[in-house]
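A.B. asks: Encoded as structure tokens, here's the structure I'll be asking about.
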Amino acid sequence: MRIAQIAPLQLAVPPRTYGGTERCISNITEALVALGHDVTLFATADSSTGARLVPMRDEAIRFNSKIDATALHLAMLSRIYQQADQFDAIHSHLDYLTLPFAAKASTPTVLTLHGRLDAPETVKVFREFKGCNYVAISDSQRSQIPDLNWTATIHHAIDPVEFPYRDTPGSYLAFVGRITRDKGIDRAIRIAQKTGIPLKIAAKVDPAERKFFEEVIKPTFDDPLIEFLGPLNEKKKNTLMSEALALLMPIDWPEPFGMVFIESLACGTPVLTRPCGSVPELLEDGVTGFIRESDDELAEAVTRVAQISRAGCREYVQRRFGIRDMALKYLDVYTQMQQRGRLFAVPTVKGTPIEPVRKPSQAQTNENQSTLIS
């Protein structure tokens, strides 16, 4: 099957540090390639993939506030959908920006939604395009707009082999993610201080959260228990998690999935979190760690987390979140569309084919500047 994967331009695929969505796109793409499908990845030129890579920009935007990401993504989608007839299925990860293009295309689009959906504006725009082929990353996310055309709920997946496993508990707690109240960083600090166990924080600070970081979080770094590491690359992040006593993520929002949960479990490290969003759907209390409501309850759980089987945590991920199984579920969605007779509709407009490249070098990137979205 000829499949197009459309990635955001903010980060490379896979990302160098933080970037759950881009990591998921990479996992889906590589698994489909391994299954023998003809996959084209539309992403930044600094991405790495076994699929055909069509570079849409020379390098990742990296959430640069001086760059109009919406304009770039609309231009990107326009170019891709001019060539929709080259594919049997288009799989976009660009949220609602994709919808007007998908609605008019002869080739059907699968749209995986990666964020929360309960904002009034978000509900309004998706309900204007109810008929798109939507995939949820959790039933919790799906429940936020239950009347969309949900074709499936497909959990994200990882390859446990890529994560270092440690069978003995470490001596510190780890927080991995973003500095934001939603992720519970302030609660994690309070819990660590209650227990007297060190907390190592591997996190990035978005511009919108700078004031919260400077006024609420940074002053706690005077406490020797609290260590701020900033964003880490993949290898360092995985080592941090594997050597921790537990991942402490007392989230305070309807988390649509939470890749860091299953990544930690793959390292053998239990998860301590709150029953928000997809947590009860993804984790099992007493098996993958502990799910508790209050700071006091989580502090008490810290004292018992070493009892959790680290081998059991890794086995849980292997059993429930395998990459091949995830790819097969997406193929089922693509096949459903094919059976409805939409995949081979005759396009009304044809454009000039897009030339893909594999593992683009800087020289190739420069040569193809005219094809990039600047």
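A.B. asks: Do we find that Thr168 is polar (S, T, N, Q) and either outside the structural domain of Ala203 (by TED's automatic domain parsing) or on the phi > 0 side of the Ramachandran plot (or both) in this structure?
C.D. replies: Against the criterion (polar (S, T, N, Q) and either outside the structural domain of Ala203 (by TED's automatic domain parsing) or on the phi > 0 side of the Ramachandran plot (or both)), Thr168 does not qualify.
A.B. asks: While we're here: From the list Ile179, Ile197, which one is hydrophobic (A, V, I, L, M, F, W, C), within 30 Å of Pro219 (Cα to Cα) and in contact with a Lys or Arg (Cβ under 8 Å, 6 or more places away or on another chain)?
C.D. replies: Values: Ile197 fails: in contact with a Lys or Arg (Cβ under 8 Å, 6 or more places away or on another chain).
Within the list Ile179, Ile197, the selection yields Ile179.
A.B. asks: For Glu355, work out the one condition from (1) modelled with pLDDT of 50 or more; (2) acidic (Asp, Glu); (3) outside the structural domain of Gln193 (by TED's automatic domain parsing) it doesn't fulfil.
C.D. replies: The number of the failed condition is (1).
A.B. asks: Counting only residues that are touching a residue at least 24 places away in the same chain (Cβ under 8 Å) and assigned to a strand (DSSP E or B), how many does the stretch 137-158 have?
C.D. replies: Here is the first cut: in the stretch 137-158, the ones touching a residue at least 24 places away in the same chain (Cβ under 8 Å) are 137-141, 144-145, 151-152, 154-158.
Of the ones still in play, those that are also assigned to a strand (DSSP E or B) are 151-152, 158.
Adding up the residues that qualify gives 3.
A.B. asks: Condition test on Asp38, is it surrounded by fewer than 19 Cβ atoms within 10 Å (Cβ to Cβ) and free of Cβ contacts under 8 Å to residues at least 40 places away in the same chain?
C.D. replies: yes
A.B. asks: Here are the criteria: (1) modelled with pLDDT of 95 or more; (2) touching a helix residue (DSSP H, G or I) at 6+ places or on another chain (Cβ under 7 Å); (3) farther than 30 Å from Phe290 by Cα; (4) among the aliphatic types (A, V, I, L, M). Tell me which single one Leu72 does not satisfy.
C.D. replies: So Leu72 meets the others, but not (2).
For every residue, the table says whether it meets (1) in the same structural domain as Ser278 (by TED's automatic domain parsing); (2) modelled with pLDDT under 95; (3) touching a strand residue (DSSP E or B) at 6+ places or on another chain (Cβ under 8 Å); (4) more than 30 Å from Arg319 (Cβ to Cβ).
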site: Ser140; (1), (2), (3), (4): no, no, no, no
site: Ser143; (1), (2), (3), (4): no, no, no, no
site: Tyr172; (1), (2), (3), (4): yes, no, yes, no
site: Ile189; (1), (2), (3), (4): yes, no, yes, yes
site: Ala192; (1), (2), (3), (4): yes, no, yes, yes
site: Ile197; (1), (2), (3), (4): yes, no, yes, no
site: Asp206; (1), (2), (3), (4): yes, yes, yes, yes
site: Glu209; (1), (2), (3), (4): yes, yes, yes, yes
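A.B. asks: Run Asn238 past the list (1) modelled with pLDDT of 95 or more; (2) more than 20 Å from His156 (Cβ to Cβ) and report the number of the one that doesn't hold.
C.D. replies: It fails just one condition, (2).
A.B. asks: Moving on. State all residues of the stretch 152-181 that are among the hydroxyl-bearing types (Ser, Thr, Tyr) and surrounded by fewer than 20 Cβ atoms within 10 Å (Cβ to Cβ); if no residue qualifies, say none.
C.D. replies: Thr153, Tyr165, Thr168, Ser171, Tyr172
A.B. asks: Filter the stretch 164-202 for residues that are within 28 Å of Ala311 (Cα to Cα), among the β-branched types (Val, Ile, Thr) and assigned to a loop (DSSP other than H, G, I, E, B) and give the result.
C.D. replies: The answer is Thr168, Ile197.
A.B. asks: Please determine, by comparing only the residues of the stretch 90-107 that are crowded, with 17+ Cβ neighbours inside 10 Å, of a type in the set (A, V, I, L, M) and more than 21 Å from the chain's Cα centre (by Cα), which one is farthest from Phe129 (Cα to Cα).
C.D. replies: It comes out as Ala105.
A.B. asks: If you don't mind, another one. Only one of Lys211, Lys237 is more than 24 Å from Leu113 (Cβ to Cβ), surrounded by 16 or more Cβ atoms within 10 Å (Cβ to Cβ) and basic (Lys, Arg). Can you tell me which?
C.D. replies: Lys237
A.B. asks: Across the stretch 293-331, which residue is surrounded by the fewest Cβ atoms within 10 Å (Cβ to Cβ) among those that are closer than 21 Å to Asp167 by Cα and of a type in the set (Ser, Thr, Tyr)?
C.D. replies: Thr303
A.B. asks: Taking the residues in the stretch 214-234 that are of a type in the set (D, E, K, R) and modelled with pLDDT of 95 or more as candidates, determine which candidate is surrounded by the fewest Cβ atoms within 10 Å (Cβ to Cβ).
C.D. replies: Per the stated criteria, the residue is Asp222.
A.B. asks: Check every one of the helices (runs of 4 or more DSSP H) wholly within the stretch 294-343 and list those with 2 or more residues that are in contact (Cβ under 8 Å) with a residue 40 or more places away in the chain and within 28 Å of Phe87 (Cα to Cα).
C.D. replies: 323-339
A.B. asks: In the list Pro280, Pro360, which residue meets the criterion of being assigned to a loop (DSSP other than H, G, I, E, B) and either modelled with pLDDT under 95 or assigned by TED's automatic domain parsing to the domain that holds Tyr172 (or both)? Steps first, please.
C.D. replies: On the way: Pro280 fails: assigned to a loop (DSSP other than H, G, I, E, B).
Answer to the check: Pro360.
A.B. asks: Residue by residue through the stretch 266-277, note down the ones that are assigned to a strand (DSSP E or B) and closer than 14 Å to Ser309 by Cβ.
C.D. replies: Selection gives Val271 alone.
The values are calculated or read from the model by the stated rules, or taken from the named source; none is laboratory data. Computed from a prediction, not measured in an experiment: that's the story for all the values here. Neighbour counts run over all protein chains shown; Cβ positions are idealised from the backbone, glycine included.
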